[in-house]
Amino acid sequence: MGFSSGATTEVQVSQDVWAGIDAGKIAHHCVVIDAEGTKLLSRKVSNDEADLLGLIDDVGQVADGGRICWAADTAVMSPSRERGCAAEYFNSR
């Protein structure tokens, strides 16, 4: 006799990710990778707060509860901090 409860189990798998943003005057480009270096997300967004907040939310969904390490220009640091994200600034000069 086999076991069948009729119920399904949903498992949440969180992962730590690294998100880097190359900031520009008109648009920004974000790439998100996992611990193995696999590209999970690559997206260009306009230099608009609503678009940046949407990107931050999408990166959060990719991490699925895991930690996100942000590397970004100061131009995009403020919206990520407003969302409660830890963010580091790396000067490219």
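Take the residues of the range 32-67 that are of a type in the set (S, T, N, Q) and not in a strand (DSSP E or B): which is surrounded by the most Cβ atoms within 10 Å (Cβ to Cβ)?
In the first step, residues of the range 32-67 are kept if they are of a type in the set (S, T, N, Q); the result is 38, 42, 46-47, 61.
So of that shortlist, the ones also not in a strand (DSSP E or B) come out as 38, 47, 61.
Values: Thr38: 9, Asn47: 14, Gln61: 9.
Among those residues, the one meeting the criterion is Asn47.
Of the residues making up the range 75-82, not a single one is modelled with pLDDT of 90 or more and of a type in the set (S, T, N, Q).
The values are calculated or read from the model by the stated rules, or taken from the named source; none is laboratory data. Since the model is a prediction, treat every value here as computed from it, not as a measurement. For neighbour counting, all protein chains shown are included, and Cβ atoms are generated from backbone atoms with ideal geometry for every residue, glycine included.
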